[in-house]
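The values are calculated or read from the model by the stated rules, or taken from the named source; none is laboratory data. The structure presented is a predicted model; accordingly, all values stated were derived computationally and were not measured. Don't worry about glycine lacking a Cβ; one is built from the backbone with ideal geometry, like all the others, and counts go over all protein chains shown. Side chains are part of the model used for accessible areas, which takes the heavy atoms of the whole protein and leaves out ligands, DNA and RNA. Shrake-Rupley method; radii C 1.70, N 1.55, O 1.52, S 1.80 Å.
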Amino acid sequence: MVSNPVHGLPFLPGSSFRDPTKTAFHRSQTLGYRNGYAVVRRPTVGIGGDRLPVNQLSQAELDELANKASVLTYGQPKQAPPAEFIPAHVALDKKVFLESQGIELNPPEKMALDPYTELRKQPLRKYVTPSDFDQLKQFLTFDKQVLRFYAIWDDTDSMFGECRNYIIHYYLMDDTVEIREVHERNDGRDPFPLLMNRQRMPKVLVENAKNFPQCVLEISDQEVLEWYTAKDFIVGKPITILRRTFFIYDCDPFTRQYYKEKFGISDLPQIDVSKKEPPPVKQELPPYNGYGLVEDSAQNCFVLIPKAPRKDVMKMLMDDNKVLRYLAALDSPIPEDKDRRFVFSYFLASDMISIFEPPVRNSGIIGGKYLGRTKVVKPSSSVENPIYYGPTDFFIGAVIEVFGHRFIILDTDDYVLKYMESNAAQYSPEALLSIQNRVQKREAPALELENTQTKEDPGEQELEALIDTIQKQMKHHPCKDNIREAFQIYDKEASGYVDKEMFFKICDSLHLPVDDSLIKELIRVCSHGEDKINYSNFVRAFSNG
C-alpha cells in the first residue's frame, strides 16, 4: 500500500487529495547532449514534479554490480598456473586424419588441374594455309568498294505515313550496312544524313536472343545465326531492316557489274516507283442562294480571304456610258399585268441589266425601280457554268426570263438599232429580221388596219418576211407535205384556227422544231387572242406555195 506523502493517509479511493499548489504536469526530459553526442538520462521526477520511488542506478552500473556479485561473496579469484608448453611438432607428431580432434571432413575430391601442366599436354600447333574467308584478305580486296541501292519505304498505310526515298550502302570490306536519307529542297525535315549508322545487320537471331536488349548492348556472333550479306539485296525485292520494309527499285552501275560477276545476275531491273499524281478533284460549289453574283459568291469557296472577281478593264473603258434600252411587256396570266410596261437598260461596260417600270396614274401599281443593276442568268444555264444574258439576246419579240418572270421585248430606241446594224455579225437572223421590220415600219406610211383585224394580227410585211426566212431554213423538213392535213383533222369547223394546247400537240407529233427562235416568233405572230392560233399562216412556212 502506497501512502500519501503529504498527509500520511492511505492511497485509497476517497482518502487521496489533490495538491492545489501543483502547476506543472509535464513529463521530464530524458534526452540530452554531452560533448556533442546525444545521451540518455533516466528521469528522477514524474509528472507534476513528484520524485520517482525507483532505483536511480543506470543500466551500466546495474550490469557492473551483477558481474561483481561473486567477487563480493568469495573475493578475487586466483589465477590458474599456466599449462606446460608443448611444441606443435611434438603434440601432432605421427597424427594423420582429424577425427581424433572431433573434426569431420568431406569425402575426398579430385585435385585441381594446373593450367600450365595441361597446356604442356596439348599436341604441337599445326600451321595450315588460311581459307578464302579471311577478314584481312576481305579488307584488302574489297576496300573502298561499296554497293549502292536505291530504295523506298512506303508507310502510307499508317496514319500520317508517307513514301520516302533512301539510299542503302553495303560495304564489301566488312559486310556492314548503312541507310542514308534522301532530302529534297523545302521538304520540311531536319537534315539528318543517316537513318541507320554503319553496322552489321542480323538476319536470323537465335531462339534465346529474341528478348535481347538490342537498344542497349551490341549483338555478337553468339546471338546471331545469320547476318545480311550482299546476296540478300536484290533489285525488285523487298528487304526488312529494323522492322522497316524497304523496296529496292534500282542500283548504280558498279553494283550491276558486281552482281553480274559474283552471282551471274545480269538482268537487274530498273523499276519506276514514281507515283502519278491523282487527277485534280473537281471542286463542287454549294447551291446558289440567290444573293449577289455567282462569281462573287464563289470566291468564298476558293480562298480564305475572298477578293472581288477580275473585271475586263478594256471593255469597261471602251463601252463606258453605253446603254441599250428596250421596251418590254410582262408575260403573265394575270389580267392586271397585261398593260404594264417596263424599260430594260443593258449596260455594255459591265453586262448588267436594270429594269424600270414607268408609273401610271390610277393603275393601282406603284412604279419605279423594278430591278437594280445586276447580271441576269439564263434559265437554261447551271450554277457551275452560269451563262448571262448578252446584248445579242435582246431584240424585238425576244422573251427574257428574269428570276422567274417572263418579259417580251416590244420596241427599242434608236441607239439600239444603230448598235445592231454596226454589229450585225453578232446577232441571229431572227434578231436582224426584227430590226428590218422595225425600220420598215418607221419608213412606211401609217396604214389603217381593217376593222376585222385585231390587235394581235401580224402585219403583212413582217409575216411574209418571216415565212420566207423559215421556208429557206425548213425546205428539207420530212413532214412538210402533211402538216396542213394534220391541222384540218382537228379543225372540224374549217375556221383556220386551233387551240394552243392542240396546236402544240400536233407540232410535237409532227416533230416540228417549235423551240427554234424563228418558229417561236412565227407562233407569236400567228396567235389570235389568248388561246387560238391561225394555223393557215403557220403552215405556209412549211410549204412551197
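Here are the numbers for this structure:
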read-out: Two-decimal log10 I(q)/I(0) for the range 232-344, as the Debye equation yields it once each C-alpha is a single scatterer, q = 0.11, 0.12 Å⁻¹; value: -0.75, -0.80
read-out: Where the chain is the region considered: accessible area per residue in Å², 1.4 Å probe; value: 76 Å²
read-out: Angle in degrees between helix 429-443 and the longest Cα principal axis of the chain, rounded to the nearest 10; value: 40 degrees
read-out: Accessible surface ranking that places the most exposed of His89, His169, His405 first, with a 1.4 angstrom probe; value: His89, His405, His169
read-out: Separation of the Asp468 and Thr141 label points, Cα + 7 Å toward Cβ, nm; value: 10.5 nm
read-out: Farthest toward positive dipole pole in the chain [+1 Lys/Arg, -1 Asp/Glu at C-beta], among Leu124, Met316, Ile523; value: Leu124
read-out: Computed [θ] at 222 nm, helices only, for the chain once each DSSP H run of length n ≥ 4 contributes -39500 (n - 2.57); value: -6500 deg cm²/dmol
read-out: Length added when fully stretched, Thr30-Val313, from 0.36 nm per residue minus Cα-Cα; value: 91.3 nm
read-out: Straight-distance crosslink candidates among lysines, where the alpha carbon sits under 28 Å from Lys500 and sequence neighbours closer than 8 are dropped; value: Lys338, Lys378, Lys455, Lys472, Lys475, Lys480, Lys492, Lys520, Lys532
read-out: Per-pair calculated FRET efficiency, R0 = 60 Å: Gln270 and Asn423 via Cβ, rounded to 0.05; value: 0.45
read-out: Rounded to 10°, Cα long-axis angle of helix 500-509 versus longest principal axis of the chain; value: 70 degrees
read-out: Rough spin-label spacing in nm, given labels placed 7 Å along Cα→Cβ, for Lys126 and Asp320; value: 11.1 nm
read-out: Theoretical FRET efficiency, 1/(1+(r/R0)^6), r = Cβ-Cβ of Phe302 and Lys282, R0 22 Å, to 0.05; value: 0.95
read-out: Residue pairs, from the table Lys322/Lys418; Lys137/Lys231; Lys203/Lys275, whose Cα atoms sit over 22 Å apart; value: Lys203/Lys275
read-out: Label-point separation in nm, Gln79 to Arg42, each point 7 Å along Cα→Cβ; value: 3.5 nm
read-out: Ratio Rg/Rh [Cα only; Rh per Kirkwood] for the chain; value: 1.50
read-out: R0 of 35 Å, Cβ-Cβ distance Ala112-Leu194: FRET efficiency to nearest 0.05; value: 0.10
read-out: Extension reserve of the Ser158-Val96 stretch, reckoned as 0.36 nm per residue once the Cα distance is removed; value: 14.1 nm
read-out: Proportion of all alpha-carbon pairs of the range 120-190 beyond 17 Å (%); value: 66 percent
read-out: The chain - charge dipole about Cα centre, Lys and Arg +1 at Cβ, Asp and Glu -1, debye rounded to 20; value: 3200 debye
read-out: Peptide ranges 75-84, 510-519 listed from the most packed, as the mean C-beta count within 10 angstrom indicates; value: 510-519, 75-84
read-out: Whole-Hz couplings from phi, Karplus 6.51/-1.76/1.60, listed for the range 169-175; x for Gly and Pro; value: 9, 10, 8, 6, 6, 9, 6
read-out: Lys/Arg +1, Asp/Glu -1 at C-beta; the chain dipole; positive extreme among Tyr288, Tyr535, Val146; value: Val146
read-out: Full-extension gain in nm, Arg180 to Thr21, via 0.36 nm per residue minus C-alpha separation; value: 47.8 nm
read-out: Sequence ranges 332-343, 496-507, ranked by mean other-Cβ count within 10 angstrom, highest first; value: 496-507, 332-343
read-out: Portion, in percent, of the accessible area of the chain that falls on carbon or sulfur, probe 1.4 Å; value: 54 percent
read-out: Under 17 Å from the Cα of Lys262 - aspartates and glutamates, other chains or at least 8 residues apart; value: Asp132, Asp143, Asp174, Asp175, Asp232, Asp252
